[in-house]
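One structure is given below, encoded as structure tokens.
The values are calculated or read from the model by the stated rules, or taken from the named source; none is laboratory data. Bear in mind that the values here come from a model prediction, so they are computed numbers and not experimental data. Cβ coordinates were reconstructed from backbone atoms using ideal geometry, including for glycine residues, and neighbour counts include every protein chain displayed.
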Amino acid sequence: MKKLGLASLLLIIFASCGGEKVEVRFEGLQSFQELKEHRELLFSKINESDQEGEAKTENLRNLDSLYWQQAIILLSKGREVILKSPNRASKKLGEILDLKKDFEASEYPGVKSPEVEQIISKQLSQLDADIVSLRHEQAWDNRLKTLEEEVEKFGKINFTGQFGETPLSEEVLVIDSLESNELGDVKQIIYTVKYTKIYKGTGKIFKYQVDGQGEWKVSSKMNQSLLTIENLCPQCYSERRIN
């Protein structure tokens, strides 16, 4: 029987240890969807490879490790880009909620290392804090719209015909404001508001006009999305019949 050379022997030994290791790379992927699809492709390649059990298991461990590294990078960079953008709070809030949703959709059953679990938990906690803060900013950004709604509600409750009304015109005009800067964790602005409303009352026979000018206080505690609006001078607004 012909003897095998050293090179042939080494080749046989190498082949008996399993096939070639599947290269795992995630660089350049820009979304969680791309990341997840690429992981699934690599996962299939590793499982279908002719590596022996131990080598295949190690290759899969490496796949999971690098996958979560890249997912954490995408999550961190995505958050940074959103928060540094010049967009209004409402748009940032929507983008942060989408980022969190996309990340959570990228997860798959399996055991993560304690280090990865800790980093992900910290990043998700940061996102939750961002959501609370942005909801507060969104409410504060919309304070004039909310104030207008409250003034109109005040007019509806206090100046309406006995059996209802037929609105003809209504105007809420903010003509001045005074912001308080020494209230700790509370934001507060006092607005001077001119309010005018004309409507037809009972039986649509008589016409009425409501007008006046008074101060309204708008406040919100830091990181709360609820605005408190107080009419400081209800008596500043009155009603009269105009026909």
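Identify, from the list Q209, Q188, the residue that is touching a residue at least 24 places away in the same chain (Cβ under 8 Å) and closer than 29 Å to S90 by Cα.
The unique qualifying residue is Q188.
Quick check on L83: is it within 28 Å of the chain's Cα centre (by Cα), under 30 Å from H136 (Cβ atoms) and modelled with pLDDT of 85 or more? If you could, list the steps in order and put the result at the bottom.
Working: within 28 Å of the chain's Cα centre (by Cα): yes; under 30 Å from H136 (Cβ atoms): yes; modelled with pLDDT of 85 or more: yes.
Criteria met by L83.
Is there any pair with a first residue in region 107-120 that is in the same structural domain as Y67 (by TED's automatic domain parsing) and a second that is surrounded by 12 or more Cβ atoms within 10 Å (Cβ to Cβ) whose Cβ atoms are under 6 Å apart and which are 6 or more apart or on different chains, and what are they?
V116/W68; I119/I72
Please verify whether region 215-223 includes one or more residues that are of a type in the set (V, I, T) and touching a residue at least 40 places away in the same chain (Cβ under 8 Å). Show your work before the answer.
As a first pass, look at region 215-223 and keep what is of a type in the set (V, I, T): 218.
Among the residues that remain, those that are also touching a residue at least 40 places away in the same chain (Cβ under 8 Å) are: 218.
Yes, some residue in region 215-223 is of a type in the set (V, I, T) and touching a residue at least 40 places away in the same chain (Cβ under 8 Å).
Given the structure, is I72 of a type outside the set (D, E, K, R), on the phi < 0 side of the Ramachandran plot, surrounded by 13 or more Cβ atoms within 10 Å (Cβ to Cβ) and modelled with pLDDT of 90 or more?
Here the answer is yes, as I72 does meet what is asked.
Report the residue count in region 196-228 for those that are within 21 Å of K145 (Cα to Cα) and not in a strand (DSSP E or B). Can you show your working first?
Filtering region 196-228 down to residues within 21 Å of K145 (Cα to Cα) leaves 196-198, 210-228.
Filter again for not in a strand (DSSP E or B), leaving 222-227.
Count: 6.
Restricting to region 24-47, name every residue that is at pLDDT 85 or above and over 30 Å from D98 (Cα atoms).
K45, I46
State which residue is surrounded by the most Cβ atoms within 10 Å (Cβ to Cβ) when the search covers only region 24-64 and only residues that are assigned to a helix (DSSP H, G or I) and acidic (D, E). Show your work before the answer.
The initial filter retains those residues of region 24-64 that are assigned to a helix (DSSP H, G or I), namely 32-48, 53-64.
Cutting the leftovers down to acidic (D, E) gives us 34, 37, 40, 48, 54, 58, 64.
Details: E34: 15, E37: 12, E40: 11, E48: 10, E54: 10, E58: 13, D64: 18.
Taking the candidates together, the pick is D64.
Cβ-Cβ under 9 Å, sequence separation 6+ or interchain: first residue in region 87-102 and more than 14 Å from W140 (Cα to Cα) and without any contact (Cβ under 8 Å) to a residue 12 or more places away in the chain, partner of a type outside the set (A, V, I, L, M, F, W, C) and assigned to a helix (DSSP H, G or I). Which pairs?
Here the result reads N87/E95, each pair linking region 87-102 to a residue that is of a type outside the set (A, V, I, L, M, F, W, C) and assigned to a helix (DSSP H, G or I).
One line per residue, one yes/no per condition, for (1) of a type in the set (V, I, T); (2) surrounded by 14 or more Cβ atoms within 10 Å (Cβ to Cβ); (3) under 30 Å from E104 (Cα atoms):
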site	(1), (2), (3)
I157	yes, no, no
F163	no, no, no
L173	no, no, no
V186	yes, no, no
Q213	no, yes, no
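Taking the conditions exactly as written (aromatic (F, W, Y), over 13 Å from L147 (Cβ atoms) and in contact (Cβ under 8 Å) with a residue 24 or more places away in the chain), does Y237 satisfy them or not? Write out each step before concluding.
Values: aromatic (F, W, Y): yes; over 13 Å from L147 (Cβ atoms): yes; in contact (Cβ under 8 Å) with a residue 24 or more places away in the chain: yes.
Yes.
Output the residue which, of all residues in region 1-23 that are surrounded by 12 or more Cβ atoms within 10 Å (Cβ to Cβ) and assigned to a loop (DSSP other than H, G, I, E, B), is modelled with the highest pLDDT. Give the derivation first.
In the first step, residues of region 1-23 are kept if they are surrounded by 12 or more Cβ atoms within 10 Å (Cβ to Cβ); the result is 11, 18-19, 21-22.
Remaining after also requiring assigned to a loop (DSSP other than H, G, I, E, B): 19, 21-22.
Values: G19: 57, K21: 78, V22: 81.
Among residues in region 1-23 that are surrounded by 12 or more Cβ atoms within 10 Å (Cβ to Cβ) and assigned to a loop (DSSP other than H, G, I, E, B), the one modelled with the highest pLDDT is V22.
Can you tell me which residue is farthest from S177 (Cα to Cα) among those in region 226-243 that are of a type in the set (S, T, N, Q) and surrounded by fewer than 15 Cβ atoms within 10 Å (Cβ to Cβ)?
Applying the filter and picking the extreme gives N243.
Of all the residues that make up region 200-211, how many are surrounded by fewer than 16 Cβ atoms within 10 Å (Cβ to Cβ) and either among the small types (G, A, S) or not assigned by TED's automatic domain parsing to the domain that holds P167 (or both)?
Selection size over region 200-211: 1.
N181 fails exactly one of the following numbered conditions: (1) without any contact (Cβ under 8 Å) to a residue 24 or more places away in the chain; (2) over 32 Å from the mean Cα position of the chain (by Cα); (3) more than 22 Å from K207 (Cβ to Cβ). What is the number of that condition?
If we test N181 against (1) without any contact (Cβ under 8 Å) to a residue 24 or more places away in the chain; (2) over 32 Å from the mean Cα position of the chain (by Cα); (3) more than 22 Å from K207 (Cβ to Cβ), just (2) comes out false.
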